[in-house]
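Trainee: One structure, as structure tokens, below. Some questions next.
Nothing in this text is a laboratory measurement; each read-out follows from the coordinates by a stated rule. On a predicted model such as this, the values are computed, not experimentally measured, just so you know. With ideal geometry, Cβ positions are generated from the backbone for all residues, glycine too; neighbour counts draw on all protein chains shown.
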Amino acid sequence: MIKPRILSTRSMMVKVCGITCLDQLRELDKMLVDFAGFDFRNGSSNLIVDRLKPMDLKYADVDIKKVGVFYNQSLDFIREMILEYGLDLVQLNGNESPDLCQSLNDDIVVIKKILLDQDQEKHLSAFINQYDDVCDYYILDASIPGNRGGITSAFNWNFLEQAHIEKPFFIGGSGLKPMDAQRIHSFKHPDFIGVDLDGHFDKEPGIKDTAMVLSFMRAVNQVVN
């Protein structure tokens, strides 16, 4: 299989994570959001297998790219979900090994999340060296160690602007809040390509506040219809 190139007509890409229904997927597609994240993590309140039928997502008539979000799950399970739900990318949020990333990366676009607590900041270069050849994008998130994304801490913006990444990356997840739009607008890094909007953009678990998403996109100078 030849992996598709992920392209955007805009300077900054937008990913919205935690989608659980087709109506919101279609709404985000009309807003020209680039990626929609679907949660396959055990115990998640947004668990997609409880909310959306595989065939409905697989054959949804949308241009938005479908991202499966996983956390320390097996290679066989991830591959099964890719086929059943018609995923375009996978996002790995746990302690997945470089070998597992490589096995997936042969066939599909892989995003690896990095949780930037203070200790991880010290060792970011070593982490990147392990994963540099086996994934396509990073998501940099600010989160308390051991948490899957529900408790947040603020980004160290000065560190981020000076960090040596050398791979396209998103800023977001639980570390990005609606009030950060102006900071994103002014953020400068040669490898920064987009934002990942997660739980802080929810009306309730699994239901996005699309007006808030649209407002954020406009605030960071996204071009929307």
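Trainee: Using a Förster radius of 45 Å, what is the FRET efficiency between Tyr59 and Asn158 based on their Cβ-Cβ separation? Nearest 0.05, please.
Mentor: According to the calculation, E is roughly 0.50.
Trainee: Assign unit charges at the C-beta atoms only (+1 for Lys and Arg, -1 for Asp and Glu), then state the dipole size of the chain relative to its Cα centre in Debye, rounded to the nearest 20.
Mentor: 520 debye
Trainee: Looking at the chain only, what percent of DSSP beta bridges run antiparallel? Nearest 5 please.
Mentor: In the chain, DSSP labels about 10 percent of beta bridges as antiparallel.
Trainee: How are the alpha carbon pair distances in segment 13-219 distributed across 5 Å bins from zero to the largest one, expressed in percent?
Mentor: Reading upward from the zero bin: 1, 7, 17, 21, 22, 17, 10, 4, 0.
Trainee: Moving on. Which of the peptides 186-195, 66-75 is most tightly packed, and how do the rest follow, judged by the mean count of other Cβ atoms within 10 Å per residue?
Mentor: 66-75, 186-195
Trainee: Calculated FRET efficiency, Cys21 and Ser103, Cβ-Cβ r, R0 41 Å, to nearest 0.05? Spell out each step's value before the answer.
Mentor: Values: r = 31 Å, r/R0 = 0.76.
For R0 = 41 Å, the calculated efficiency reads 0.85.
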